[in-house]
1. How large a share of the accessible area of segment 71-153, in percent, is made up of carbon and sulfur atoms when the probe is 1.4 Å and the other protein chains stay in place?
2. Could you pull out every residue, at least 5 positions away or on a different chain, whose amide H is within less than 5 Å of the one on D245? Hs are placed 1.01 Å off N in the peptide plane, and Pro or chain starts have none.
3. Using a 1.4 angstrom probe on heavy atoms only, work out the carbon and sulfur share of the accessible area of segment 158-298 in %.
4. Name the residue farthest towards the positive end of the dipole of the chain from the options V114, A134, G56, assuming +1 on Cβ of Lys and Arg, -1 on Cβ of Asp and Glu, about the Cα centre.
5. Cα atoms only, segment 54-148: Rg and Dmax in Å?
6. For the chain, take the alpha-carbon Rg, divide it by the Kirkwood Rh, and send me Rg/Rh.
7. Given H placed 1.01 Å from N in the peptide plane, which residues other than close sequence neighbours of T113 have an amide H under 5 Å from its amide H?
8. Once every DSSP H run of n ≥ 4 in the chain is given -39500 (n - 2.57) and the sum is divided by its residues, what mean residue ellipticity at 222 nm do you get, rounded to the nearest 500 deg cm²/dmol?
Amino acid sequence: MATSHRHDDHPEHPPHEHHQHEHPTHSDLAAALDLDAELVGDHLDDAATLIVEALGGPPARIVDLGAGTGSGTEALARRFPDATLLAVDSSPAMTETIDRRARAAGLTDRVTTVVADLDRGLPQMRRPDVIWAAMSLHHIADAGALLRSAATALGSEGVLVIVEMAGLPRFAPDDDAGLRALEDRCHAAAARAGWEALADWTTTIGDAGLEIARDRTIRVERADPAAQVSRYAVHWFSQFRHRLDEPAGMLSRADVELLDTLIDSAQPSSLHRRTDLRLVAERRVWIVRPIRADGGVE
Ligand SMILES: C[S@@+](CC[C@H](N)C(=O)[O-])C[C@H]1O[C@@H](n2cnc3c(N)ncnc32)[C@H](O)[C@@H]1O
């Protein structure tokens with residue numbers, strides 16, 4: 001059974017330092033999502049190619065579930081210029097952001113938004129070819145139920161695309177064994193804490209009566225722009241610092257102090273000052289289809 005953690009993991013948390021008990025504002029959250037999209041968004045090209053292969057051509061109708069700031073909606077709209085897109089999010093501030101983004105990009109004739117809580121089921125949609133759920137399924141209380149209703153809502157031959165992080169991003173350059181070892185300890189602690197980045201939907205997909213047509217892990221590696229990579233690193237190491245220091249023992253006191261130094265812009269060794277970081281991030285993409293009554297994949 002896949003773990004469905006509803007606690008807030010990255011990249012939803014803001015890219016600046018904050019304590020675990022503070023609630024991120026919409027603009028913090030939006031900034032974190034946009035930074036993530038700027039640096040890791042290239043995986044969307046590969047995901048779009050997988051969609052075309054699965055459908056045998058470009059989709060005409062796409063629904064983006066838990067669309068956030070709409071970076072994915074916009075990327076899909078650009079990649080598929082004849083498609084119409086419906087972006088769904090429970091946050092009106094997010095759908096307003098998507099509307100603004102669509103206006104700025106000249107996409108209002110093809111992109112519409114709806115505020116809907118997916119825990120209460122899917123909003124109305126016109127038999128989409130693609131239902132896209134990127135980094136959003138782990139927010140849903142009953143992911144299996146959502147997958148089942150998505151399968152019913154799809155047009156014939158349509159596919160459901162689920163994207164999640166395939167592990168935590170890394171930043172240590174090859175010649176910084178100390179930072180790499182700290183990353184290893186933080187990642188192990190995050191796994192012990194059950195962070196959602198490690199969610200695997202394979203069993204949930206099968207249990208929902210769906211078949212996996214493709215299961216691909218896409219790797220993104222980049223060092224540029226160095227300032228943004230450094231910002232993203234500070235974001236992640238702040239998460240480690242503030243969310244893995246409790247319960248006591250998740251990270252050692254020495255590691256918590258080291259993390260404090262790394263995320264403090266006033267410290268000479270701060271990640272804020274590094275221009276040599278190398279981001280390696282992975283996204284897992286499942287292309288999923290309903291299984292036909294005759295046992296074949298639709
Ligand atoms: C991590 S963001 C992902 C955004 C976007 N798909 C991306 O890849 O950047 C998750 C989004 O899911 C939305 N969300 C969380 N729970 C939801 C629910 N029950 N119904 C609809 N949207 C939800 C949040 O408001 C947030 O915008």
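1. In segment 71-153, the share of accessible area belonging to carbon and sulfur is 47 percent.
2. Under 5 Å from the amide H of D245: no residue qualifies.
3. The C+S portion of the solvent-accessible surface of segment 158-298 is 48 percent.
4. About the Cα centre, the residue reaching furthest to the positive side is G56.
5. Answer for segment 54-148, Rg first and Dmax second: 12.6, 36 Å.
6. With Rg and the Kirkwood Rh in hand, the quotient comes to 0.98.
7. Excluding prolines and chain starts, which carry no amide H, the hits are A87.
8. Counting only the DSSP helices, I get -12000 deg cm²/dmol.
The values are calculated or read from the model by the stated rules, or taken from the named source; none is laboratory data. Since we're looking at a predicted model, the values are computed, not measured. With ideal geometry, Cβ positions are generated from the backbone for all residues, glycine too; neighbour counts draw on all protein chains shown. Note: accessible area is taken over every heavy atom of the protein model, side chains too, but ligands, DNA and RNA are not part of it. Shrake-Rupley method; radii C 1.70, N 1.55, O 1.52, S 1.80 Å.
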